[in-house]
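Enquirer: Handing you this structure, nothing more for now.
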Amino acid sequence: MNQVQLITYDGQSIPVDEALLLFSALLKQRMQEAQEKGEDIQVPEASAEVCQKVIEYCKHHRATTPTPARVISSIKGGSTFEFAKWDEEFMASLDQEDLLELIVIAQTWGIQPLLDLGCKTVATMLKGKNPQQIRETFEIENDFTPEEEAAIKKEHEWTD
């Protein structure tokens, strides 16, 4: 198999089999353009670490269709998902920052099964948490005044 080089935003060069780029229409297009110019493929939206994780995911699923997360319960509090063992371990290997970058890259590159897996992983992280716990989990500053918070709670009483 032919190998090409992906150049990440942090300047790293990552070798990858051409066939793996077919998971992404955008990367396939970038590969064709880069080959016409005799250049490496620029992936300015990806760090080397997360790019390698995306490649790992694509390598694992190259011969099979990724198994979608199975909904094992769905109640007012949201759905609970069950992931394939490999996918669950793969997502657990990511820290929160890399998980969020992986979701952005999966969306940008159009790798829908990976995007779905990442989003369902975040949904599982959020399940059962109140707004303050979510802010703490994702280090989000609460910029609402107490009056604004009270108005929002009143407007959305039906969610309790």
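Enquirer: Out of Ala92, Ala106, Ala69, Ala84, which single residue is within 24 Å of Val16 (Cβ to Cβ) and at pLDDT below 90?
Expert: On the way: Ala92 fails: at pLDDT below 90; Ala106 fails: at pLDDT below 90; Ala69 fails: within 24 Å of Val16 (Cβ to Cβ).
Checking each option against the conditions leaves just Ala84.
Enquirer: What residue, among those in the stretch 21-34 that are surrounded by fewer than 19 Cβ atoms within 10 Å (Cβ to Cβ) and in contact (Cβ under 8 Å) with a residue 24 or more places away in the chain, is farthest from Gln96 (Cα to Cα)?
Expert: Looking at residues that are surrounded by fewer than 19 Cβ atoms within 10 Å (Cβ to Cβ) and in contact (Cβ under 8 Å) with a residue 24 or more places away in the chain, I get Ala34.
Enquirer: If we keep just the residues of the stretch 90-133 that are in contact with a Leu (Cβ under 6 Å, 6 or more places away or on another chain) and part of a helix (DSSP H, G or I), which is nearest to Leu6 (Cα to Cα)?
Expert: Trp109
Enquirer: Still on this structure: Looking only at the stretch 123-139, how many residues end up being in contact with a helix residue (DSSP H, G or I) (Cβ under 7 Å, 6 or more places away or on another chain) and either hydrophobic (A, V, I, L, M, F, W, C) or over 26 Å from Glu89 (Cβ atoms) (or both)?
Expert: Total satisfying the criteria: 3.
Enquirer: Could you grab me the full set of residues in the stretch 109-122 that are in contact with a helix residue (DSSP H, G or I) (Cβ under 8 Å, 6 or more places away or on another chain) and either farther than 24 Å from Leu22 by Cα or among the charged types (D, E, K, R) (or both)?
Expert: Correct list: Thr121, Val122.
Enquirer: Take the residues of the stretch 137-156 that are of a type in the set (S, T, N, Q) and part of a loop (DSSP other than H, G, I, E, B): which is farthest from Leu126 (Cα to Cα)? Write out each step before concluding.
Expert: Kept after step one, since they are of a type in the set (S, T, N, Q), are these residues of the stretch 137-156: 137, 142, 145.
Next cut, part of a loop (DSSP other than H, G, I, E, B) only: 142, 145.
Details: Asn142: 17, Thr145: 23 Å.
Going through the qualifying residues, I end up with Thr145.
Enquirer: Of the conditions (1) part of a helix (DSSP H, G or I); (2) open to solvent by 80 Å² or more (accessible area, probe 1.4 Å), Glu56 clears all except one; give me its number.
Expert: Result: Glu56 fails condition (2) only.
The values are calculated or read from the model by the stated rules, or taken from the named source; none is laboratory data. Note that the structure is a prediction, hence the values are computed from the model and not measured. All Cβ positions, even for glycine, are placed from backbone atoms using ideal geometry, and neighbour counts span all protein chains on display. Ligands, DNA and RNA are excluded from the accessible area calculation, which covers all protein heavy atoms including side chains. Shrake-Rupley method; radii C 1.70, N 1.55, O 1.52, S 1.80 Å.
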